[in-house]
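Worksheet for the structure shown next.
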Amino acid sequence: MSINQNTDYVDAVATTPKIQIAFVWVLALLPLAWGFVNTLMRAAKLFH
Amino acid sequence: MAGVSYVPESYSKAWIPILDRSRTIAKPGYSRWMVPPAALFIDLCIGHAYAFSVFNLPLTKLIGVTASAPGDWTLAEVGWIFSIAMLFLGSASAVFGRWVEEGGPRKAMVAATCCFAGGFFVSALGVWSHQLWLIYVGYGVLGGCGLGIGYISHVSTLIKWFPDHPGLATGMAICGFGGGAMIGSPLSVLLMNYFASATSVGVAQAFVALGIIYGLFMTIGAIIVRVPPDGYRPAGYVPAAAPKKLVTTEQVSVDQASKTPQFWLIWMIIFLNTTAGIGVLGQASAMAQEMIGVSAVAAAGFVGLLSVFNMSGRFGWATLSDYIGRKNTYYVFLLLGIVLYAMVPTLAATRNFVLFVLFFCICISMYGGAFSTLPAYLRDLYGTMNVGAIHGRELTAWSAAGIAGPVLVNYIRQYQIASGVPNAQAYTVTMYIMVGLLVIGLLCNFLIKPVDKRHHYKASGPASDPAAAKTNPQVAVSQ
């Protein structure tokens, strides 16, 4: 077992490159966008 | 919150060290906005469960290929795959909740990936050898465990990263589960069409491809995910000096939470709200055709529209709950649900197509919203210490509703039709029963009060739980 010293950790300014954050979001949302458009096209048949 | 935390030895050691919680603690400067996409990677994949029905018909034509032949499985037999998966989703999230808290999100995500992708591979073997039990074990048991573990793998992590916007955080991730169906359905059809031949419907190959695709995608989530350092607070965030009445600053362990009336009241609300939602989701196509008289193609469009609202409701309602409070958000779900379900028979009688679609879209958005707001509601009542494990246990209500909802709608409809009621009016009684369920849910929500202080976790004392410190040592210091 270990004893850890613990203090309040207030986030410093995030240094993760914005391009990296954007890339991860795009990677996650791209398939969702594909599925969303696909579903909307299917849903459009409702009003035909 | 400065102090000393006790970290058990088992906590810092694992048979694959890279999966350890200690190896996933974010370094200073790590942006918390990297975490919701990690959760999305998981939820967008496991959300495929809602799209599994696209395999139902092809699975009944494995021998006949173009049509069912003697020896082919029936639709009823195939239908059990989804039911087993739902059952194991709830069971796994309840059983493994504490393990997920203890092991951290990366270990849980990897376990979910192995189970979910592995489930596809075992199912492919089942299709190839034409052994239905292998698919029950594969997608049903193994995949269901992957669903349950994956669904709760990131909940407490997100809530700890976003103490200022817990609803927004869980909404972003859990909307992925709703969105997963929108990806899973066309992707599965695309793969089946690609692999189909004169001698095969392409299901086995599609299962293998899905296992590989989802396995890779979920692994990215496991690589990206990080837990916040002990005592993390976002820059500029100052906890409210006087928190809202239902928002606790205390912690409740998972075992203690199960002993509180609030736990069972929320369980009932989720069960009742989900029963109503699943009942509609499962029969949406038939209802649109029979109640309003739209074509089968238009009804399929209606189902697609419902999945869009299911997903967006998960994000929208959970985000709204950060501003109006969880209890009020649930009041909206239940009160609005009562009004909308009660008006459906009238709309059907007048054949008001636009309002019919609009009403059901709102109902389904609230069905999804209840799921995404749930973790934040639990965090308000029980604190962040074991919120993931408590959430896991609450999800057994989902499994129970997954069985009760379709049964309620199907059997009442059949009984009505057998009694000579026209098809268009066969859902009227069901809608009024849904209203009754939501009224009970409303009462349950009304009865929810702050958790009694005798249930609060103390580092030492009658309410302390040794396992609680193990599952989240950092919280022990805040007592």
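Sticking with the crude label model, points 7 Å out along Cα→Cβ, report the distance from B:Asp255 to B:Ile362 in nm, one decimal please.
4.6 nm
Label points 7 Å out from Cα along the Cβ direction at B:Gln414 and B:Leu443: separation in nm?
Modelled inter-label distance: 3.0 nm.
Under a plain spin-label model, where a point goes 7 Å from the Cα along Cα-to-Cβ, how far apart in nm are B:Ile63 and A:Ala44?
Simple spin-label model gives 4.3 nm for this pair.
Just to be sure I understand the interface: list residues from the range B:25-42 that lose 10 Å² or more of accessible area between the chain on its own and the complete protein assembly, 1.4 Å probe.
Buried by 10 Å² or more upon assembly, which counts only protein chains, are B:Pro28, B:Gly29, B:Tyr30, B:Ser31, B:Trp33, B:Met34, B:Pro37, B:Leu40, B:Phe41.
Take the alpha-carbon positions of the range B:209-271, form their convex hull, and give its projected area averaged over all directions (one quarter of the hull surface) in nm².
Values: hull surface 33.4 nm².
Taking a quarter of the hull surface, the average projection is 8.3 nm².
Just how much of A:Ile21 is accessible, in Å², when a 1.4 Å probe is used and the result is rounded to the nearest 10?
Solvent-accessible area, nearest 10 Å²: 30 Å².
Limiting things to C-alpha atoms, what are the Rg and the maximum Cα-Cα separation (Dmax) for the protein assembly as shown, in angstroms?
For the protein assembly as shown, the Cα-based Rg and Dmax read 23.1, 73 Å.
Give me P(r) over the range B:133-264, computed from all C-alpha to C-alpha distances, binned every 10 Å, as integer percentages.
Bin by bin from 0 Å, the calculated values are 9, 28, 29, 19, 11, 4, 1.
Out of the trypsin sites (Lys or Arg not before Pro) in the range B:11-94, which ones are loop residues according to DSSP with at most 10 other C-beta atoms within 10 Å?
Loop-located and lightly packed - B:Lys13.
Non-local amide H neighbours of B:Arg233 (under 5 Å, H modeled in plane, Pro and chain starts lacking H): which ones?
Amide H neighbours of B:Arg233: A:Tyr9, A:Val10, A:Asp11.
Note down the net charge around B:Thr60, summing +1 for each Lys or Arg and -1 for each Asp or Glu among other residues with Cβ under 10 Å from its Cβ. Spell out each step's value before the answer.
On the way: positive: B:Lys61; negative: B:Asp72, B:Glu77.
So the environment of B:Thr60 carries a net charge of -1.
What dipole magnitude, in Debye to the nearest 20, does chain B give about its Cα centre under +1 on Lys/Arg Cβ and -1 on Asp/Glu Cβ?
880 debye
Could you bin all the Cα-Cα distances of the range B:237-306 into 10 Å bins starting at 0 and give me the percent of pairs in each, rounded to whole numbers?
16, 26, 19, 17, 17, 4
Report the calculated FRET efficiency for A:Trp34 and B:Arg23 (r = Cβ-Cβ distance, R0 = 51 Å), to the nearest 0.05.
Working: r = 33 Å, r/R0 = 0.65.
So, using R0 = 51 Å, E works out to roughly 0.95.
Residues of the range B:213-235 losing 20 Å² or more of accessible area relative to the isolated chain, 1.4 Å probe, heavy atoms only?
B:Phe217, B:Pro229, B:Asp230, B:Gly231, B:Tyr232, B:Arg233, B:Ala235
Please count, across chain B, the pairs of lysine residues with Cα atoms under 19 Å apart that sit 8 or more places apart or on different chains.
19
With n ≥ 4 as the cut-off for DSSP H runs, can you work out [θ] at 222 nm for chain B, using -39500 (n - 2.57) per run divided by the number of residues, rounded to the nearest 500?
Working: 21 runs with 322 residues, N = 479.
That comes out to -22000 deg cm²/dmol.
Would you work out the relative contact order for chain B, in percent, from Cα pairs under 8 angstrom that are 6 or more residues apart?
Details: 873 pairs, mean separation 116.4, N = 479.
Computed over chain B, the figure is 24 percent.
From the C-alpha gyration tensor of the range B:327-452, pull out the three semi-axes of the equivalent ellipsoid (sqrt of 5λ each), sorted largest to smallest, in whole Å.
Numbers: eigenvalues 203, 53, 29 Å².
Ellipsoid semi-axes (Å, largest first): 32, 16, 12.
Give, rounded to the nearest 20 debye, the magnitude of the charge dipole that the range B:51-128 has about its Cα centre when Lys and Arg contribute +1 at Cβ and Asp and Glu contribute -1 at Cβ.
Value, rounded to 20: 180 debye.
Determine how many Å³ per residue the convex hull of the Cα atoms of chain B encloses.
On the way: hull volume 67.4 nm³, N = 479.
So the per-residue hull volume is 141 Å³.
Give me the one-decimal Kirkwood hydrodynamic radius in Å for the range B:87-161, with the sum taken over alpha-carbon pairs.
On the way: mean 1/r = 0.0810 Å⁻¹.
Evaluated over the range B:87-161, this radius sits at 12.3 Å.
Please work out the Kirkwood hydrodynamic radius for the range B:37-158, using every pair of different C-alpha atoms, and report it in angstroms with one decimal place. It would help to have the intermediate numbers written out before the result.
Working: mean 1/r = 0.0680 Å⁻¹.
For the range B:37-158, the Kirkwood estimate is 14.7 Å.
Where does the range B:272-340 land on Rg(C-alpha)/(2.2 N^0.38 Å)? Display every interim value, and only then the final one.
Values: Rg = 14.1 Å, N = 69, 2.2 N^0.38 = 11.0 Å.
With N residues counted in the range B:272-340, Rg over 2.2 N^0.38 Å equals 1.28.
Working with all protein chains in place, sort B:Val409, B:Val303 by solvent-accessible area computed with a 1.4 Å probe, largest first. Let's see the in-between values first.
On the way: B:Val409 0, B:Val303 50 Å².
I get B:Val303, B:Val409, largest accessible area first.
Just how far, in whole angstrom, is the range B:322-378 from the range B:242-276 if you go by their alpha carbon centroids?
Their Cα centres are 21 Å away from one another.
Quick check for me: using +1 on Lys/Arg Cβ and -1 on Asp/Glu Cβ, what's the dipole size of the protein assembly as shown about its Cα centre, in debye to the nearest 20? Walk me through the numbers on the way to the answer.
Working: 30 positive and 19 negative charges, 112 e Å.
The calculated dipole for the protein assembly as shown is roughly 540 debye.
What does DSSP give for the protein assembly as shown in terms of the percent of beta bridges that are antiparallel, rounded to the nearest 5? If you can, show how the numbers build up before the last one.
Values: 6 of 9 bridges.
Counting DSSP beta bridges with both partners in the protein assembly as shown, the antiparallel share is about 65 percent.
If you take the accessible area of B alone plus A alone and subtract the pair, what total do you get in square angstrom, rounded to 100, with a 1.4 Å probe? Don't skip to the answer; put the middle values down first.
On the way: alone 19120 and 5370 Å², together 20650 Å².
It comes to approximately 3800 Å² buried between B and A.
Measuring with a 1.4 Å probe in the full set of protein chains, what accessible area per residue, in whole Å², belongs to the range B:51-163? If you can, show how the numbers build up before the last one.
Numbers: 3760 Å² over 113 residues.
In whole numbers, the range B:51-163 has 33 Å² accessible per residue.
The values are calculated or read from the model by the stated rules, or taken from the named source; none is laboratory data. Small disclaimer: the values here were computed from a predicted structure and weren't measured. Ideal geometry is used to build each Cβ from the backbone, glycine not excepted, and the neighbour counts take in all protein chains shown. Ligands, DNA and RNA are stripped out before the accessible areas are found, and what is left, the full protein with its side chains, is counted by its heavy atoms. Shrake-Rupley method; radii C 1.70, N 1.55, O 1.52, S 1.80 Å.
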